[in-house]
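*Asks:* Sharing a structure with you now.
The values are calculated or read from the model by the stated rules, or taken from the named source; none is laboratory data. Since this is a predicted model, take the numbers as computed values, not measurements. Heads up, the Cβs are rebuilt from the backbone with ideal geometry, glycines too, and the neighbour counts pull from every protein chain shown. Accessible surface areas use protein heavy atoms only, side chains included; no ligands, DNA or RNA. Shrake-Rupley method; radii C 1.70, N 1.55, O 1.52, S 1.80 Å.
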Amino acid sequence: MDQPQLGRFRDRRLARTGDALLSAMQQKQTMCLHALAEDRDETRRFTDFLDNEAVTRHEMLVHAGRQTAQRAVGRHVLAIADTSEMNFATHTGRKHGFGTVGNGKDIGVFLHPIIAVDAEQGGLFGLVGAEVINRTEAKRGDHKTRPADEKESRRWLTGAETAGEVLAGALMITMVEDREGDIFDQFARKPAHVHLLVRAAQNRSTDDEQKLFERCAGWSAVTHRTIRVAAKHGTAERAERTAVVAVRYGEVTIKRPRHAETSLPPTLTLHVVDVREVDPPQDPKQRVHWCLLSTHTVSTPEEAMQLVGWYRLRWTIEQVFRTMKTDGVDVETSQITTPGSLLKLVVIALIAAIRVMQLVMGRDGSTGQRLTDVADPIEVPALQAINASLEGRTEKLRNPFDPSTLAWYAWIAARLGGWSGYTSKGYKPAGPKTMARGLKRLDPMVAGWRLANHSALVGLP
């Protein structure tokens, strides 16, 4: 076990069991241990693995972060953070020790991951870190007066600190966050080498006694663009559509909120890119308005559109959540009854979803990612042999990508997962489920090759 996928846990047997559990989850797309295991003995091993105190979420996250850091060296990385709730309302009578989710009634947990995305081409490098929050205490009423470090929202600043530490070798780090990340404390206390790009939620007061949104509306539009507005599912349903938006930019100085700690600076100067729909729908919830606050300098329309492009890559983390839920392992159906084991399984599901999404996003070569973002270079001979066995006689059924790219690897996984190989009209590209099936077959093939060639790989006679 030279390169475990999940973690070492200071025990080779535990590392092997962890990798088997991760691989099974990628292939079978379920959280049920009985369904993941091949037999009763493996079910017991999986259960014991999750119950073992030596198996920690910390080790899994540190191991994943270390792999991501290697891929991010010398690149501008978007560290995208968001929070998603895992609702176990249908399991209320069976699960114990869990707190409630956003509605204050249903039991569940919150997942707050940070993923690393290539700012230039949009490729997914991997997981930077994550918090799994089990909110067992009742909601407190002193939110505005409580110190920032005692609030649950401290996770946003913690995320920026984690990104700064894990991605220290990156050329540049930009945290990308939606409206929940609009916290004055985060802008004031972020690591010096970490930039922020956050969609404003608060109509903040500025130093000229105006409000932020009204101030931005008074600027002249520098360009108009037609954008695609993605469909939205859940409580606020929204159909996919296009919208014409006006783009403005400028600099503002915002005041420290009245209830913020007085140790924070009284004002902060930030750059703003304001994107507003020109002829918006009547329903305010359907309108496009992104007021993007950033520590990046914006002095040209090109720089403004660059920030818009980076913000739009935030959809990547939404896709990861969907792969974990409705499009993937369906985390919310887990039958595990204790928080300790379930929270570990949630982290495993997150890692599995990210690996699958790496291949889905890189399958057409548009992200320009290298093979080394997903595979060890010494595995290339094995991959070349597997690739040759999958190619057909015609040009259309040959792997069209350079063997040094992630797209080449994704083509192999897709073919092993049952994808036909055809890309012409009427044929769908490989999705998350197909990639997951392919990884389930590919991983053991490569592992077997490494085992058979172990002596040669380590330089033994």
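*Asks:* Could you run through region 15-29 and say how many residues are under 22 Å from the mean Cα position of the chain (by Cα) and open to solvent by 30 Å² or more (accessible area, probe 1.4 Å)? So that I can check it myself, show each step before the final result.
*Replies:* Applying the first criterion (under 22 Å from the mean Cα position of the chain (by Cα)) to region 15-29 yields 18-19, 21-29.
After this cut, where a residue has to be open to solvent by 30 Å² or more (accessible area, probe 1.4 Å) as well, the list is 27-29.
The number of residues fulfilling the criteria is 3.
*Asks:* How do the pairs read when you match residues in region 397-419 that are closer than 11 Å to residue 442 by Cα with residues anywhere that are open to solvent by less than 40 Å² (accessible area, probe 1.4 Å) and among the aromatic types (Phe, Trp, Tyr), using Cβ under 9 Å and keeping only pairs 6 or more apart or on different chains?
*Replies:* 413/419
*Asks:* Hey, residue 319 hits all of (1) within 30 Å of residue 97 (Cβ to Cβ); (2) part of a helix (DSSP H, G or I); (3) touching a helix residue (DSSP H, G or I) at 6+ places or on another chain (Cβ under 9 Å) but one; which does it fall short on?
*Replies:* Evaluating residue 319 over (1) within 30 Å of residue 97 (Cβ to Cβ); (2) part of a helix (DSSP H, G or I); (3) touching a helix residue (DSSP H, G or I) at 6+ places or on another chain (Cβ under 9 Å) leaves (1) as the failure.
*Asks:* Still on this structure: Suppose the filter is in contact (Cβ under 8 Å) with a residue 40 or more places away in the chain and surrounded by fewer than 21 Cβ atoms within 10 Å (Cβ to Cβ); does residue 394 pass it? Walk me through it before giving the result.
*Replies:* Numbers: in contact (Cβ under 8 Å) with a residue 40 or more places away in the chain: no; surrounded by fewer than 21 Cβ atoms within 10 Å (Cβ to Cβ): yes.
Here the answer is no, as residue 394 does not meet what is asked.
*Asks:* Among the basic types (Lys, Arg), open to solvent by 30 Å² or more (accessible area, probe 1.4 Å) and in contact (Cβ under 8 Å) with a residue 24 or more places away in the chain: which single residue out of 155, 189, 179 fits that description? Steps first, please.
*Replies:* On the way: 155 fails: open to solvent by 30 Å² or more (accessible area, probe 1.4 Å); 179 fails: in contact (Cβ under 8 Å) with a residue 24 or more places away in the chain.
Going through 155, 189, 179 in turn, the sole match is 189.
*Asks:* Does at least one position in region 369-391 carry a residue that is of a type in the set (S, T, N, Q) and open to solvent by less than 10 Å² (accessible area, probe 1.4 Å)? Explain how you work it out, then say what you get.
*Replies:* The initial filter retains those residues of region 369-391 that are of a type in the set (S, T, N, Q), namely 369, 372, 384, 387, 389.
Right, trim to open to solvent by less than 10 Å² (accessible area, probe 1.4 Å) and you get 369.
Yes, region 369-391 contains a residue that is of a type in the set (S, T, N, Q) and open to solvent by less than 10 Å² (accessible area, probe 1.4 Å).
*Asks:* With the checklist (1) open to solvent by 30 Å² or more (accessible area, probe 1.4 Å); (2) out of contact with any Ser or Thr (no Cβ under 7 Å at 6 or more places or on another chain); (3) within 21 Å of residue 303 (Cα to Cα) in hand, flag the one item residue 246 doesn't pass.
*Replies:* That leaves (1) as the condition not met.
*Asks:* Another one. If you go through region 407-461 one residue at a time, how many are among the hydroxyl-bearing types (Ser, Thr, Tyr), at pLDDT below 90 and outside any loop (DSSP other than H, G, I, E, B)? Reasoning before the result, please.
*Replies:* First, the residues of region 407-461 that are among the hydroxyl-bearing types (Ser, Thr, Tyr): 409, 420, 422-424, 427, 434, 455.
After this cut, where a residue has to be at pLDDT below 90 as well, the list is 422-424, 427, 434, 455.
Subsequent filtering for residues that are outside any loop (DSSP other than H, G, I, E, B) retains 434, 455.
Total meeting the criteria: 2.
*Asks:* Taking the residues in region 251-283 that are surrounded by 12 or more Cβ atoms within 10 Å (Cβ to Cβ) and charged (D, E, K, R) as candidates, determine which candidate is farthest from residue 221 (Cα to Cα).
*Replies:* If we take residues in region 251-283 being surrounded by 12 or more Cβ atoms within 10 Å (Cβ to Cβ) and charged (D, E, K, R), then 261 is farthest from residue 221 (Cα to Cα).
*Asks:* Still on this structure, please answer the following. Enumerate the strands (runs of 3 or more DSSP E) found wholly within region 42-119, keeping only those where 1 or more residues are closer than 25 Å to residue 186 by Cβ, open to solvent by 50 Å² or more (accessible area, probe 1.4 Å) and out of contact with any His (no Cβ under 7 Å at 6 or more places or on another chain).
*Replies:* Per the criteria, 84-87.
*Asks:* Any idea which residue in region 209-232 is surrounded by the most Cβ atoms within 10 Å (Cβ to Cβ), counting only those that are free of Cβ contacts under 8 Å to residues at least 24 places away in the same chain and assigned to a loop (DSSP other than H, G, I, E, B)?
*Replies:* 210
*Asks:* So the check is Cβ under 8 Å with 6+ separation or different chains; which pairs have a first residue in region 376-387 that's under 17 Å from residue 444 (Cβ atoms) and assigned to a loop (DSSP other than H, G, I, E, B) and a second one that's open to solvent by 50 Å² or more (accessible area, probe 1.4 Å) and modelled with pLDDT under 95?
*Replies:* Filtered contacts from region 376-387: 376/3.
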